[in-house]
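To start, the structure itself, in structure tokens.
The values are calculated or read from the model by the stated rules, or taken from the named source; none is laboratory data. If you're wondering where the values come from, they're calculated on a predicted model, not measured in any experiment. Don't worry about glycine lacking a Cβ; one is built from the backbone with ideal geometry, like all the others, and counts go over all protein chains shown.
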Amino acid sequence: MATTVRLEYASGMCADGADIESPHPRAAVAPSTDLPLPHRETPSPIAPYPERARWFVPLVFVVVMVGLVAIYLALSVPGRWVKSSQPRTFEPAVLSVTTGTVIQAGARALRVAPAPDSGAVIVSLKFGLRAIDYPGVAWDVSGLPQGTEARLLWRTDVKPGRTFSLDVPIAAGRTLPVVALDNPDWFGGVAGIALALKLPPESAPVRIAGVTALPLSAGGILAARWHEWTAFEPWTGASINSIIGGADVQELPPVLLLGLGLALVTVVSVAIARWRPAFLGSSLPAVLGILFLGAWWLLDLRWESNLLRQAAVTAGQYAGKSLEAKHLAAEDAALYAFIEKARAALPAPPVRVFVAADEHYFRGRAAYHLYPQNVFWTPDANLLPPPGALRPGDFLVIFERRGVEYDRAQRSLRWEGMNPVAAELVLADGGGAVFRIL
């Protein structure tokens, strides 16, 4: 009996339902029973770290800065933080120079030369204020050489026959404020104060711009620091290399305050990130970098503001003026005016001209303006040539130079105790003179 085997195509049936035989037959397989698949949970996405650093770090920075200022005030404010007294500033016009010689008396400052025998300068003021209301005194004195000693002197109505004193600190050639509250003699009504300076021998004149009585309240100290930070810093001979950023001497420099605040914020943030890595998020380095750049920009903004003010001052000082008028408007106008007269008094070049001045800047500028004469000067030493090195026809140009003596009757010139030389006074103008060697 023949056996029939039914074949199926691997592809199944045609579209019309007819069976299609495949050239590759296979045995029919019974349909399998469906089995349930194992259950698999879909993994949830990883939750990102919360970016708390964007607001937490700036908040910590503000808190740290407020804390640093509070600590500074706690260390600086003597007595009560809130006081009704206001600072009292006394201009140079009301000051009395009892020891020393006034070289220049201006509306903004006095230039006082020390007494030649003692090197002392004493400036006094009738005060008439209560000691408890004004525990601080700030003299505005600059141009002090190294080795200068300074003391604050005062008298009170409690002990009118006595004079009390207190050391005045000096930094960067300037006097610093004095806090006299802890001194038992700073009591009652202060009838008068004075500043006593003892300078090294042959010191240049000092600049005295006034004195301020300070109540030293919390608000007054903050106002004083703000004034130091925003004070106009005019160009000087060192401005090309550095700029302080405000007053010459600052009790709390903004660079120090911002730098300390950034350092503390960085330490706190890094400690929190190590303790709880997920608390601040991954943006912590970027936030710290932005905070650093912001502090840098704030300091640079102060510098830009100072530059704009300096540009306005320079334009008002020199714009639209001739070359001679510009020289006469410069800081060394007195030197330039004298040198112009000295040039007119000298014969036609070349003649030997020796220049001497206490300030090295004046020596260099005077020599520059005297060219093309055959000029001799020492940039690093305040020296005059020995008498034996001079010959008839030489000229000496002296500007604000101590130790030079001239006897007009004997026509004799000497300096620093050396042997006198015969000389003729050709020009005497202000602080300068021109001599011709005979």
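What the table below lists for this structure:
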| quantity | calculated |
| --- | --- |
| Any hit, the range 258-266, residues being outside the structural domain of ALA138 (by TED's automatic domain parsing), in a helix (DSSP H, G or I), under 17 Å from the mean Cα position of the chain (by Cα) and not acidic (Asp, Glu) | yes |
| Criterion: within 19 Å of TYR72 (Cβ to Cβ) and either assigned by TED's automatic domain parsing to the domain that holds LEU95 or without any contact (Cβ under 8 Å) to a residue 24 or more places away in the chain (or both) - qualifying residue of PRO205, PRO177, PRO200 | PRO177 |
| Scope the range 108-154; condition more than 27 Å from ILE221 (Cβ to Cβ) and of a type in the set (Lys, Arg); matching residues | ARG111 |
| Residues being under 25 Å from the mean Cα position of the chain (by Cα) and surrounded by 15 or more Cβ atoms within 10 Å (Cβ to Cβ) - total across the range 113-150 | 12 |
| Residue satisfying all of: in the range 392-403; at pLDDT below 90, in contact with a strand residue (DSSP E or B) (Cβ under 7 Å, 6 or more places away or on another chain) and not acidic (Asp, Glu); nearest to ALA428 (Cα to Cα) among these | ARG401 |
| Number of the condition not met by VAL69 [criteria: (1) surrounded by 14 or more Cβ atoms within 10 Å (Cβ to Cβ); (2) assigned by TED's automatic domain parsing to the domain that holds ARG155; (3) on the phi < 0 side of the Ramachandran plot] | (2) |
| Top-ranked residue in the range 191-215 [being of a type in the set (D, E, K, R) and surrounded by fewer than 19 Cβ atoms within 10 Å (Cβ to Cβ); ranked as farthest from PHE90 (Cα to Cα)] | GLU202 |
| Top-ranked residue of the range 409-438 - restricted to ones that are without any contact (Cβ under 8 Å) to a residue 40 or more places away in the chain and not in a strand (DSSP E or B), ranked as surrounded by the fewest Cβ atoms within 10 Å (Cβ to Cβ) | ALA409 |
| Listing of strands (runs of 3 or more DSSP E) fully contained in the range 45-161 that carry 1 or more residues being of a type in the set (Phe, Trp, Tyr) and more than 28 Å from ARG402 (Cβ to Cβ) | 88-90, 120-130, 149-156 |
| Any hit, the range 105-121, residues being out of contact with any Gly (no Cβ under 7 Å at 6 or more places or on another chain), among the acidic types (Asp, Glu) and more than 30 Å from LEU335 (Cα to Cα) | no |
| Failed condition for SER282, given (1) in a helix (DSSP H, G or I); (2) in contact (Cβ under 8 Å) with a residue 24 or more places away in the chain | (1) |
| Test: residue in the range 402-417 that is under 25 Å from PRO200 (Cα atoms) and within 31 Å of the chain's Cα centre (by Cα) | no |
